[in-house]
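Here is the structure we will look at, set down as structure tokens.
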């Protein structure tokens, strides 16, 4: 049973996890680390009483520590945790958008210690960012992917209960399968939304003519460019596979239009609708 959870990172996702956990685990201590003191103060005003910019204070006595920072910062944070909690037993997870890299970086650091690591990826987010955008309903109904290299049954059980209580649907994958899956359903759509914005709004004066279709199609392109630069480069191998397939699909549509193939276009759009209706 988790008595204290420490969430490191007070952005949209980390803040939402803290708000939701405090509501749905009333007997659990929820601590939130924010790099900036003013964000920690904002979190305290929002009811997260154990919010602080003091890392040692936040992680003290935590059974579960959730890394909710950019993936590039996680290995250094784990090193700090191992020093602050030397010889102690606790479970680490993260909410990063890639998993092969986090396992490769974190597993060697905790080898020979009492610390365990299982990856988590709640498929929840927004084009907005920061603690100001966080809310307790962000995780409701979201899929959450759990990854483990060594099939840590205890860690998986703890995290399945934790994320399920926060409203998530659980799926277990290998780190490699996770990265290929999210490349298709998250990272590739973001790349395509950006391309639609580049082509569709090549002439900026026509933007005022756009309706809901363009806004819906390009919504995620409004996300944080720095964050998405990191995500796409970290998962570039899997993302390139999806992009290669999309080039073939564009060529197929272009050929259908060039030959004025009405039955072919109808069949193509019908199949696309069928697949979209699956979600």
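The values are calculated or read from the model by the stated rules, or taken from the named source; none is laboratory data. Fair warning: this is a prediction, and the values are worked out from it, not measured in the lab. Positions of Cβ are generated from backbone atoms using ideal geometry, with glycine treated the same way; all protein chains shown enter the neighbour counts.
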**Complete:** Residue set 213, 200, 207, 167; condition at pLDDT 95 or above and farther than 19 Å from residue 98 by Cβ; output residue 167
**Prompt:** Does residue 51 satisfy the criteria of being at pLDDT 95 or above, surrounded by 14 or more Cβ atoms within 10 Å (Cβ to Cβ) and assigned by TED's automatic domain parsing to the domain that holds residue 147?
**Reply:** yes
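The rows are residues; the columns are (1) outside any helix (DSSP H, G or I); (2) within 20 Å of the chain's Cα centre (by Cα); (3) surrounded by 13 or more Cβ atoms within 10 Å (Cβ to Cβ).
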| residue | (1), (2), (3) |
| --- | --- |
| 213 | no, no, no |
| 229 | no, yes, no |
| 239 | no, yes, yes |
| 243 | no, no, yes |
| 246 | no, no, yes |
| 253 | no, no, yes |
| 257 | no, no, no |
| 263 | no, no, no |
**Prompt:** Which of the residues belonging to region 64-76 are touching a helix residue (DSSP H, G or I) at 6+ places or on another chain (Cβ under 8 Å) and within 21 Å of residue 113 (Cα to Cα)?
**Reply:** 64, 65, 66, 67, 74, 75
**Request:** Determine whether residue 95 is surrounded by 17 or more Cβ atoms within 10 Å (Cβ to Cβ), at pLDDT 95 or above, in the same structural domain as residue 13 (by TED's automatic domain parsing) and within 14 Å of the chain's Cα centre (by Cα).
**Result:** yes
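So, residue 151, is that one within 24 Å of residue 15 (Cβ to Cβ), assigned by TED's automatic domain parsing to the domain that holds residue 37 and surrounded by fewer than 16 Cβ atoms within 10 Å (Cβ to Cβ) or not?
Details: within 24 Å of residue 15 (Cβ to Cβ): no; assigned by TED's automatic domain parsing to the domain that holds residue 37: yes; surrounded by fewer than 16 Cβ atoms within 10 Å (Cβ to Cβ): yes.
No.
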**Message:** residue 141 - would you say it is exposed (fewer than 15 other Cβ atoms within 10 Å of the Cβ) and either within 11 Å of the chain's Cα centre (by Cα) or under 21 Å from residue 184 (Cβ atoms) (or both)?
**Reply:** yes
**Request:** Find all pairs meeting these conditions: Cβ atoms under 7 angstrom apart; at least six residues apart or on different chains; first residue within region 246-259 and assigned by TED's automatic domain parsing to the domain that holds residue 272 and under 17 Å from residue 192 (Cα atoms); second residue modelled with pLDDT of 95 or more and in a helix (DSSP H, G or I).
**Result:** 246/192; 253/268
